[in-house]
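Working notes, beginning with the structure itself.
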Amino acid sequence: MSHYAVVAPPLYSHVKALQALAVQLIERGHRVTFVQQFEARSLLDDPRIGFYPLGETRLAPGSLARTLALAAHPSGLGLFRLIDDLAATTDMLCAELPAALEALKIDGLIVDQMEAAGGLVADALDLPYVSIACALPVNREPGLPLPVMPFGYSTSARARHRYDASEKIYDWLMRRHARVIEHHARRLGLAPRRSLHECLSTLAQISQTPASLDFPRSALPACFHAVGPLRNERSSHCPKAPGVMPPKPFVFASLGTLQGHRYPLFCKIAKACQRLEMPLLIAHCGGLDAAQAARLERHGTTWVTDFADQPVVLAKARAVITHGGLNTVVDAIHSATPMLAVPLAFDQPGVAARIEHHGIGQRVSRFARSTTFAKHLSGLLNDDIYRLRLRTMHPTLAQAGGAARAARIAEKALGERRPVLAEAA
């Protein structure tokens with residue numbers, strides 16, 4: 001039996017995906033401990049998984065709540081403050097992880113691609129580690145836009161220039177974080193590094209993004225594995241199904257756990273569905289209060305709930321309006337539910353661009369009028385081509401392997417300390 005540490009950003013969707021992988025490894029006989037800032041303990045809900053707190057002297061109480069609040073409003077000065085918070089977390093982890101891993105007698109690490117500290121410290125301590133892409137992969141290659149960019153796929157010289165220019169802008173915005181990575185790489189005696197894509201495992205890289213959803217890639221490492229969603233299918237902690245379901249056909253709308261507070265956007269969506277005389281179910285993930293929910297329900301035939309069993313609801317919905325979060329999109333592919341993507345932040349513009357590229361949905365700006373939302377939604381509801389394209393993607397998703405396959409790959413890579421090639425996994 002080996003003892004593995006998980007290093008990840010303290011974000012709900014990332015922790016849940018990595019928890020599903022952890023459960024698979026535990027059921028294969030291993031110990032798993034999440035090592036993260038002290039306030040992240042509440043994100044775990046399986047008692048079999050350990051938690052080792054860090055940052056109690058470096059991070060002030062309430063720091064996680066502040067970071068999550070900034071992540072929910074990542075624009076203007078808030079974006080720079082969020083980047084500063086992410087840099088501070090990486091700095092803390094690079095300083096405190098070595099002693100923690102030694103105290104825990106860790107045999108290997110499972111590292112989220114979005115947290116550079118795991119790879120830096122693992123390389124410095126000569127510990128094996130695997131990288132997990134819970135969001136779109138950060139792997140860079142010429143001719144592709146970064147995952148946070150809204151650009152469609154094109155091989156033209158103009159598109160290539162746009163991709164290159166946007167990459168320079170992104171690196172400038174992330175310069176505070178880059179300086180932290182660079183400092184600790186130098187301090188730990190490693191080759192120079194400045195960005196997340198330079199801190200990935202050479203043993204195995206595991207991605208939740210199905211290959212059929214991504215843009216065409218030609219430069220992924222041989223140890224890259226697209227396994228589809230990391231889910232614990234036997235979990236007893238599933239979100240509840242809404243007490244009352246709208247009559248079929250209906251539209252489902254969810255903006256995820258960080259963006260569920262966007263009441264004006266939900267109003268716009270409700271007005272669009274009212275215009276089309278289409279029942280609507282909204283899941284706000286606890287972001288709205290009772291008064292806001294009641295006001296939304298006055299728009300046509302609108303039902304509002306806090307949480308919903310998303311796969312169950314999507315299987316019944318005629319279409320879904322989503323922020324473009326990868327979990328919702330993959331669930332929609334599984335249920336062949338056409339998507340109207342309203343990207344808000346992070347990799348959501350990139351996910352929306354991929355939805356458009358594959359013709360499995362449409363994209364609309366969050367600033368558009370309700371009439372524009374209704375126009376796009378009408379196109380989805382009245383054209384079966386979207387559902388047909390989604391059905392062609394379903395077999396590859398079903399065969400990807402999910403958390404069980406990810407656990408086998410991680411176990412092999414960490415146990416043998418050599419690359420696990422995609423064709424051999």
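The values are calculated or read from the model by the stated rules, or taken from the named source; none is laboratory data. Not measured: the values here are computed from a predicted model. Note that each Cβ is placed from the backbone with ideal geometry, even for glycine, and that neighbours are counted across all protein chains shown.
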Subset of the range 21-31 (residues that are surrounded by fewer than 22 Cβ atoms within 10 Å (Cβ to Cβ) and either modelled with pLDDT under 95 or small (Gly, Ala, Ser) (or both)): GLY29
Qualifying strands (runs of 3 or more DSSP E) (wholly inside the range 1-102; at least 1 residues being in contact with an Asp or Glu (Cβ under 7 Å, 6 or more places away or on another chain)): 3-7, 50-54
What's the number of the condition ALA87 fails, among (1) farther than 19 Å from LEU109 by Cα; (2) without any contact (Cβ under 8 Å) to a residue 40 or more places away in the chain; (3) touching a His at 6+ places or on another chain (Cβ under 7 Å)? (2)
Go through the range 33-73 and give me each residue that's under 18 Å from the mean Cα position of the chain (by Cα) and surrounded by fewer than 17 Cβ atoms within 10 Å (Cβ to Cβ). ALA69
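In the range 103-117, how many are outside any loop (DSSP other than H, G, I, E, B) and crowded, with 18+ Cβ neighbours inside 10 Å?
The first filter runs over the range 103-117 and keeps only residues outside any loop (DSSP other than H, G, I, E, B), leaving 103-104, 108-112, 116-117.
Checking the rest, the ones that are also crowded, with 18+ Cβ neighbours inside 10 Å come to 108-112, 116-117.
Total satisfying the criteria: 7.
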Could you list, in sequence order, the residues of the range 405-420 that are under 24 Å from the mean Cα position of the chain (by Cα) and of a type outside the set (D, E, K, R)? ALA406, ALA407, ILE409, ALA410, ALA413, LEU414, VAL420
Filtered residues of the range 160-194 (kept if part of a loop (DSSP other than H, G, I, E, B) and in contact (Cβ under 8 Å) with a residue 60 or more places away in the chain): MET174, LEU188, GLY189, LEU190, ARG193
Taking the range 360-385 as the search range and keeping residues that are outside any strand (DSSP E or B) and within 21 Å of the chain's Cα centre (by Cα), which one is surrounded by the most Cβ atoms within 10 Å (Cβ to Cβ)? ILE360
Quick one: which of LEU388, LEU397 is of a type in the set (A, V, I, L, M), surrounded by fewer than 19 Cβ atoms within 10 Å (Cβ to Cβ) and assigned to a helix (DSSP H, G or I)? LEU388
